[in-house]
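Asker: Attaching a single structure in structure tokens format; questions to follow.
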Amino acid sequence: MTTNKHVLTWLDEMVALVKPDKVVWIDGSEEQLTALREESFRTGEMVPLNEELLPGCVLHHTAVNDVARVEGRTYICTKKREDAAPINNWMETSEMKAKLIPMYDGCMKGRTMYVLPYCMGPIGSPFSKVGIELTDSIYVVMNMDIMTRMGKQALDQLGDSNDFVRGLHSKAKMEEENRYIVQFPEENTIWSINSGYGGNVLLGKKCFALRIASYLGKNEGWMAEHMLILGIENPQGEVKYVTAAFPSACGKTNLAMLIPPEGYRNKGYKVWTVGDDIAWMRQGADGKLYAINPENGFFGVAPGTNMKSNPNALISTQKGTIFTNVAHNLDDNTVWWEGLDKNPPENALDWTGEPWNGKTSEKKGAHPNSRFTAPAKNCPCISAEFDKGEGVPVSAIIFGGRRAQTTPLVYQSRDWNNGVFVGSIMASETTAAATGAVGVVRRDPMAMLPFCGYHMGDYFQHWFEMGEKLGENAPKIFNVNWFRLDSEGHFLWPGFGDNFRVLEWILKRCEGKVDAKETAIGYVPYAEDINLEGIQDFDIETLKSILEVDKAAWAKEAEGIEEFYKQFGDKLPQELRNQLETLKKNCAE
Ligand code: OXD
Ligand code: MN
């Protein structure tokens, strides 16, 4: 399918290592994909669902010990330790290869290797980059078909170039203790072994579009961020774009597809989704920052998705979607997950394939990290800019996390550098998207903790440099927290569609249309400036309480930040130390 000698040489080397019985190039044609789907039905890897209710949809179950990204087994390998770490696991490149090569040796004997060229970003876009994934999993091929622009079109985009990410994935023996997800940024290479779960094996997503791409961005002067991108259209038809970074499973997909409250809709406000997870951003010829979504689909968390929380996401999953680890309703051959509706099936299989009665069972039907892989084009509010590849101009960057206390509903950083500080101190309670304890607060700078492909101190520095380059064109930086709790553990802010009210304030700030109160941490809204018209069960007094900045709590927070910063040693930019000192001083006043 190609004469690119860089591709062919690498492929020969990998074939010699993993020794597949057969090598099949994925051209992306409908016939080939149909044949693969049918094969996956025959082997039981996929289950076809009800063609009338869920046309083109299939169900897949992973191994029970393989249900989430494995951060403890995810490595950034470089020649020198100081080029990665301290936040990611590091091992020297040749040492890691020496460990993995024996595991890969002959691991595809008796299997087919699929050679899967794909493009992150729209074909032809100056932002886009090509990868090739070698895999022994049809599940991977079918997911990558949804999540990327796959097949011959990607190879055509690559031409004779050597500039492609080399991905090698094998389910191998699916041994948990030998599971490794390894990025070699200096070699544009990703090796993943012994897993079959999405984030570990769809190498275009976290491995390439964040870990490898963040490293490329640092060297090439652009940014790869764990951010959604959305457009907000006002009644005059003008669309302004914001990007937002939240840790995994904090509602990024919900915010990206938000439906404004009725009052706004009646006036003509609309939200357009450009991306729900990853943004690649670079400075345009006019000096502004532009963003694209490098993906072509949504790999969303299923539980909690319903017609109230996120109708656009739910509608996106009604055709051509792969469901992973949800419950299987045997009565009508559809799927179900906790929080879909109040009517769980009685005659079903749970996510492990065991018989399950949703009305009586104490167990969950779907795994908390069960997923849908849905084509972006299914989304009713997909942006007209989505496929254009020119990128959308970014007015504001929003950081956020899940904090029960301390962090107000929204605040604006004093300037770009202060905004980098705000991003660097992001913190959240852990969720089910990664293995490990749930509910523990962890710092997650820019939501990149598990995804930064190089040393995080250098990453912060790169943010400062981008700010310098952007100068007065730099987007304004904000922080939001939808998750404040009262003393009984109830959410104080209604969230979901009502988050639009906060987005409106953010855009008004960007346009200089509304005043704000300067506090120890930045600019906080006057409660009267957040439009509460039509809001249910919420009053301005509660709003005031969640806009308050408690200096004593922030002084304590500063101690935690200081502790967190220690690990970066000399690599921590001086500017962040200065910012921390300013915070401490402001809290002491
Ligand atoms: C995701 C994640 O899957 O961040 O998007 O975990
Ligand atoms: Mn994510």
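The values are calculated or read from the model by the stated rules, or taken from the named source; none is laboratory data. Just so it is clear, the model here is predicted, and its values are computed rather than measured. FYI the Cβ positions are ideal-geometry reconstructions off the backbone, even for glycines, and counts take in every protein chain you see. Only protein heavy atoms, including side chains, enter the accessible area calculation; ligands, DNA and RNA are left aside. Shrake-Rupley method; radii C 1.70, N 1.55, O 1.52, S 1.80 Å.
Asker: Which loop-located chymotrypsin sites (Phe, Trp or Tyr not before Pro) does the stretch 485-589 contain, where loop means any DSSP state but H, G, I, E or B and the Cβ has at most 16 other Cβ atoms within 10 Å?
Answerer: Answer in residue order: TYR526, PHE538.
Asker: Then there is this: Do any GluC sites (Glu not before Pro) in the stretch 332-371 lie in a loop, going by DSSP, with at most 13 other beta-carbon atoms within 10 Å of their beta carbon, and if so which?
Answerer: GLU362
Asker: What number comes out for the charge environment of LYS571, summing +1 per Lys or Arg and -1 per Asp or Glu over other residues with Cβ under 11 Å away?
Answerer: Result for the local shell: -4.
Asker: Using a 1.4 Å probe on the protein heavy atoms only, what accessible surface does TYR411 show? Give it in Å² to the nearest 10.
Answerer: The value for TYR411 is about 10 Å².
Asker: Here's another thing I want to ask about it. Separation between the ALA404 and GLU262 pseudo-spin-labels, each 7 Å from Cα along Cα→Cβ, expressed in nm?
Answerer: 3.4
Asker: Students sometimes get this wrong: rank ARG371, ARG42, ARG73 by accessible area, probe 1.4 Å, all chains present, largest first.
Answerer: ARG42, ARG73, ARG371
Asker: What does the charge count near GLU581 come to, summing +1 for each Lys or Arg and -1 for each Asp or Glu among other residues with Cβ under 12 Å from its Cβ?
Answerer: +1
Asker: While we're here: May I ask for the angle, rounded to the nearest 10°, between helix 93-104 and the longest principal axis of the chain, with both axes built from Cα atoms and the value confined to 0 to 90°?
Answerer: Helix 93-104 and the main axis of the chain meet at about 50 degrees.
Asker: Describe numerically, in nm with one decimal, the distance between label points set 7 Å from Cα along Cα→Cβ at VAL514 and at LYS22.
Answerer: 6.0
Asker: May I ask you to derive the FRET efficiency for LYS270 and ASP550 from their Cβ-Cβ distance with R0 = 41 Å, giving the value to the nearest 0.05?
Answerer: According to the calculation, E is roughly 0.65.
Asker: Please give me the summed charge of the neighbours of THR321: other residues whose Cβ is under 14 Å from its Cβ, Lys and Arg +1, Asp and Glu -1.
Answerer: Residues near THR321 contribute +2 overall.
Asker: Tell me the GluC sites (Glu not before Pro) within the stretch 1-110 that lie in a loop according to DSSP and have at most 14 other beta-carbon atoms within 10 Å. Can you show the working numbers first?
Answerer: Numbers: sites: GLU13, GLU30, GLU31, GLU38, GLU39, GLU45, GLU51, GLU52, GLU71, GLU82, GLU92, GLU95; in loops: GLU45, GLU51, GLU52.
When the GluC sites (Glu not before Pro) of the stretch 1-110 are filtered for loop state and at most 14 Cβ neighbours within 10 Å, GLU51, GLU52 remain.
Asker: Would you compute, from DSSP H runs of 4+ residues alone, the mean residue ellipticity of the chain at 222 nm, taking -39500 (n - 2.57) per run and dividing by the full residue count, rounded to the nearest 500?
Answerer: -8000 deg cm²/dmol
Asker: Going by amide H atoms built from the backbone, whose H comes under 5 Å of the H on ALA84, apart from near neighbours?
Answerer: Here the answer is HIS455, since their amide H atoms fall under 5 Å of that of ALA84.
Asker: Once the dipole of the chain is set up with Lys and Arg at +1 and Asp and Glu at -1 on Cβ about the Cα centre, which of TRP10, ALA327, VAL301 lies farthest towards its positive end?
Answerer: Checking the options against the dipole of the chain, the answer is TRP10.
Asker: Moving to a separate point now. Return one number: the angle in degrees, 0 to 90 and rounded to the nearest 10, between the long axis of the Cα atoms of helix 456-470 and the longest principal axis of the Cα atoms of the chain.
Answerer: Here the helix axis deviates by roughly 60 degrees.
Asker: Further question: Heavy-atom accessible area per residue, the chain, 1.4 Å probe: how many Å²? The partial results should precede the final answer.
Answerer: Details: 22570 Å² over 589 residues.
Per-residue accessible area for the chain comes out at 38 Å².
Asker: Something else: Leaving out ligands, DNA and RNA, and with a 1.4 Å probe, what % of the accessible surface on the chain is carbon or sulfur? Present the calculation step by step, with values, prior to reporting the outcome.
Answerer: Values: 10880 of 22570 Å².
Carbon-and-sulfur percentage of accessible area, whole number: 48.
Asker: For the chain, what's the relative contact order in percent, using C-alpha pairs closer than 8 Å and at least 6 residues apart? Mind showing how you got there, number by number?
Answerer: Numbers: 1296 pairs, mean separation 83.7, N = 589.
Answer for the chain is 14 percent.
Asker: Top to bottom by accessible area (1.4 Å), largest first, where do LYS585, LYS308 land?
Answerer: Sorted by accessible area, descending: LYS308, LYS585.
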